[in-house]
1. Please give me the summed charge of the neighbours of residue 41: other residues whose Cβ is under 12 Å from its Cβ, Lys and Arg +1, Asp and Glu -1.
2. Just subtract the alpha-carbon distance of residue 14 and residue 76 from 0.36 nm times their residue separation and send over the number in nm, one decimal.
3. When the accessible area of the chain is computed with all protein chains present and a 1.4 Å probe, what percentage of it is carbon and sulfur?
4. Looking at (1) 28, 17, 13; (2) 38, 18, 13; (3) 33, 20, 16, which value of semi-axes √(5λ) of the Cα gyration tensor in Å comes from a calculation on the structure shown?
5. Provide the gained length on full extension for the span residue 54 to residue 127, in nm with one decimal, where the gain is 0.36 nm per separating residue minus the Cα-Cα distance.
6. Treat each spin label as a single point 7 Å out from the Cα along the C-beta direction, and report the residue 142 to residue 120 distance in nm.
7. If each DSSP helix of 4+ residues adds -39,500 (n - 2.57) and the sum is divided by the residues in the chain, what number results at 222 nm, nearest 500 deg cm²/dmol?
8. What FRET efficiency would be calculated for the residue pair residue 36, residue 84, taking the C-beta separation as r and a Förster radius of 35 Å, to the nearest 0.05?
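The values are calculated or read from the model by the stated rules, or taken from the named source; none is laboratory data. Small disclaimer: the values here were computed from a predicted structure and weren't measured. Cβ sites come from the backbone with ideal geometry, for glycine too, and all protein chains shown count toward neighbours. Heads up: the accessible areas ignore ligands, DNA and RNA and are worked out on the full protein's heavy atoms, side chains in. Shrake-Rupley method; radii C 1.70, N 1.55, O 1.52, S 1.80 Å.
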Amino acid sequence: MAAARFGEALDIFREVGDRHGEGIALANVGDAYRGLRDYDRAIDNLEQALSVCRDIGDRYGECYSLVKLGDTFSELKRPEDALDCFQRALDTRRELGDRWGEAEVLHKRGMALRESGKTEPASESLRAALEIFDELGDPRAADLRELLS
């Protein structure tokens, strides 16, 4: 149902020529398909979202799309593709000075590294996420503290 509603929003954004709305709607359609485990459609929509966001210079939308694409690759057990997406998103989040986004990506990157058996880099990434979440007062700090203990 969500994929259909986001698809309707996408049609409207395209009709009125709103490229920013189009990029976000594509990312949301892709994420909805990921939730339905329709991974081919998820990847297709997320890659389109990434392209639109790059075309219009929406770096936040680009990061959002990269993170959702990384989540999709993680679910598909494609850790190298997931890590590539997370690293590109992390680099951009840092360039933008987006501390919350940086912590979010460090967390996801750490979990992907952990799942692929790279325990030391995973712990480093998760500790860095914990430090930022602590700094920001984000409740995920408690979960990460427990995971790392």
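1. -3
2. 19.3 nm
3. Values: 3800 of 7780 Å².
The value for the chain is 49 percent carbon and sulfur by accessible area.
4. Evaluating semi-axes √(5λ) of the Cα gyration tensor in Å on these atoms matches (1).
5. The residue 54-residue 127 span can extend by a further 23.2 nm.
6. Inter-label distance under the simple model: 3.3 nm.
7. Details: 8 runs with 129 residues, N = 149.
Computed ellipticity for the chain at 222 nm equals -28500 deg cm²/dmol.
8. With a Förster radius of 35 Å, E is 0.90.
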